[in-house]
Amino acid sequence: MRILFTLFTVLYSLSGICQTWQPIANLPSGRHHPVGWGIDGKGYVVTGTNSFGNPTNDFYEYDPTSDTWTTLTPFPGSSRSFAIGAVYEGKGYMGFGSGTFADFNDLWRYDPSIDQWVQLASCPCSGRRHPAFIPLNDKIYVGLGDDLISGNLNDWWVYDMIADSWTQLPDLPGNPRHHPYQFNAGNLVFTGMGHGGPIIYKDWYQFDPVSNTWTAMADFPGEARVAGTQFDYDGFGFVLSGDGDNHSTMPTGEMWRYNHTNDTWLQFPPHPGVSRWAPGSLVIEDVVYFFGGTNRQTSQNPVEAFKFDLAQASVGINENRLESFAFYPNPTQEMIRWSSELAVESIEILNALGSKVFEGRIEGNQLNVSFLKQGVYLIEVHLLDGRRQSARMIVQ
């Protein structure tokens, strides 16, 4: 598989991202592993594990205009948690997960225009908890997750909405895992990270639905993570919150945007509070709504919910196109070097939030960056002849 470590040819200035998270009406009942959809101006939240530790068939509708929640007729299938779902062409799709004593392999479709649930063909795969689930071009790509017999899985399947049938596809080339992140972007399917055995992953993969082939992309630049939520918007994919590399709380509920055109990630403002394990999200027009999950510090399922205007945040991300700065090694752990023929006067280093973490004059053709934490940084190099160059640097 091809591993891509693509240098930035642009330098992002994040000073334009001034949008903040805003509170909305509390979710009627705290829960982790909810499934959320945004359809025709309304939000929908279904199933999940309630505060008593029981799987549910609860179903709620959110009206962003009145900022109110309404309880709907319960989901007609088995009560469950660890399910997965997504929206496609005005309908909500949901399935899998587990009940009290069983894992499910079923699939359901909800049409809010007629308030109707329809059960579709079940996957011939094993029942499983928190798999990947990505709709695209009249199909749904499903795989990974874990089951009661095999544990973590890396098989991959596609559901054909027109034929109401399933086909097995090539397995994920990475290790088996559950609770990955996933979305579609640019008519391609992406998944990765998640939890396999004692390891929390940060690897990232692209699946091409035309050739049915996998490509390994550059690792996620932040802390390895699992059990968050995700969504796609305006051609980009987003990952939001979850547990960090020790399968526990991260200090903030990080949100990152993935650009499939150059295999890069950009960090956005985190949701309020610490990160949540197994939350939900949904998008209505240009706004993402965040809810549910578990606060591992308090062992509570919060009812507080929030929204974030993606359109307002995206406006003002300035891109200053600079020449590429060639250096090595990348990724690095300690020292970076560049050609002795390059007359570097000074260097600035910015973290993923746009904050300057280093600025200094340079003598010679190397710089010790061991003082930096693991992550992705942007280097802006000022040359003696007045030119500037930039690059992305991954510190391991």
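With 63, 67 as the choices, which residue is over 16 Å from residue 113 (Cα atoms), modelled with pLDDT of 95 or more and of a type in the set (D, E, K, R)?
67
Conditions tested, residue by residue: (1) modelled with pLDDT under 95; (2) more than 24 Å from residue 63 (Cα to Cα).
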position: 218; (1), (2): yes, yes
position: 226; (1), (2): no, yes
position: 229; (1), (2): no, no
position: 243; (1), (2): no, yes
position: 279; (1), (2): no, no
position: 313; (1), (2): yes, no
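Could you pull out the residue among 374, 333, 300, 366 that is surrounded by fewer than 17 Cβ atoms within 10 Å (Cβ to Cβ), farther than 23 Å from residue 232 by Cα, at pLDDT 85 or above and in the same structural domain as residue 219 (by TED's automatic domain parsing)? Lay out the reasoning, then the answer.
Numbers: 374 fails: in the same structural domain as residue 219 (by TED's automatic domain parsing); 333 fails: in the same structural domain as residue 219 (by TED's automatic domain parsing); 366 fails: in the same structural domain as residue 219 (by TED's automatic domain parsing).
Going through 374, 333, 300, 366 in turn, the sole match is 300.
Look at the range 277-306 and say how many of its residues are within 20 Å of residue 43 (Cα to Cα), in contact with a His (Cβ under 6 Å, 6 or more places away or on another chain) and part of a strand (DSSP E or B).
Total meeting the criteria: 2.
Tally up the residues in the range 43-84 that are buried (at least 16 other Cβ atoms within 10 Å of the Cβ) and closer than 18 Å to residue 289 by Cα, please.
Here the count works out to 13.
When only residues in the range 197-233 that are more than 16 Å from residue 175 (Cα to Cα) and charged (D, E, K, R) count, which is surrounded by the fewest Cβ atoms within 10 Å (Cβ to Cβ)?
Residue satisfying both the conditions and the ranking: 208.
Look at the range 117-168 and say how many of its residues are not in a loop (DSSP other than H, G, I, E, B) and not hydroxyl-bearing (Ser, Thr, Tyr).
Qualifying residue count for the region: 25.
Given the residues 359, 363, 380, which is the only one that is of a type in the set (D, E, K, R) and in a loop (DSSP other than H, G, I, E, B)? It would help to see each step written out before you state the result.
Values: 359 fails: in a loop (DSSP other than H, G, I, E, B); 380 fails: in a loop (DSSP other than H, G, I, E, B).
Within the list 359, 363, 380, the selection yields 363.
Going residue by residue through the range 85-104, is there one that turns out to be among the basic types (Lys, Arg) and buried (at least 20 other Cβ atoms within 10 Å of the Cβ)?
Within the range 85-104, none of the residues are among the basic types (Lys, Arg) and buried (at least 20 other Cβ atoms within 10 Å of the Cβ).
Within the bounds of the range 132-144, is there any residue that is touching a strand residue (DSSP E or B) at 6+ places or on another chain (Cβ under 8 Å), among the basic types (Lys, Arg), under 20 Å from residue 99 (Cβ atoms) and in the same structural domain as residue 84 (by TED's automatic domain parsing)? Full working, then the answer.
Initially, the range 132-144 is screened for residues touching a strand residue (DSSP E or B) at 6+ places or on another chain (Cβ under 8 Å), giving 132-136, 138-144.
Remaining after also requiring among the basic types (Lys, Arg): 139.
Those still in the list that are under 20 Å from residue 99 (Cβ atoms) too: none.
Scanning the range 132-144, I find no residue that is touching a strand residue (DSSP E or B) at 6+ places or on another chain (Cβ under 8 Å), among the basic types (Lys, Arg), under 20 Å from residue 99 (Cβ atoms) and in the same structural domain as residue 84 (by TED's automatic domain parsing), so the answer is no.
For residue 51, are the conditions met, namely being over 21 Å from residue 304 (Cα atoms) and of a type outside the set (Val, Ile, Thr)?
So residue 51 fails the test.
In the range 204-215, how many are touching a Phe, Trp or Tyr at 6+ places or on another chain (Cβ under 6 Å) and either farther than 22 Å from residue 139 by Cβ or not hydrophobic (A, V, I, L, M, F, W, C) (or both)?
Residues flagged as touching a Phe, Trp or Tyr at 6+ places or on another chain (Cβ under 6 Å) and either farther than 22 Å from residue 139 by Cβ or not hydrophobic (A, V, I, L, M, F, W, C) (or both) within the range 204-215 amount to 2.
What number of residues within the range 187-218 are more than 12 Å from the chain's Cα centre (by Cα) and either in contact (Cβ under 8 Å) with a residue 60 or more places away in the chain or closer than 25 Å to residue 309 by Cα (or both)?
Final tally of qualifying residues: 10.
The values are calculated or read from the model by the stated rules, or taken from the named source; none is laboratory data. Remember, predicted model here, so these are calculated numbers, not experimental data. We place every Cβ from the backbone using ideal geometry, glycine too, and count neighbours over all the protein chains shown.
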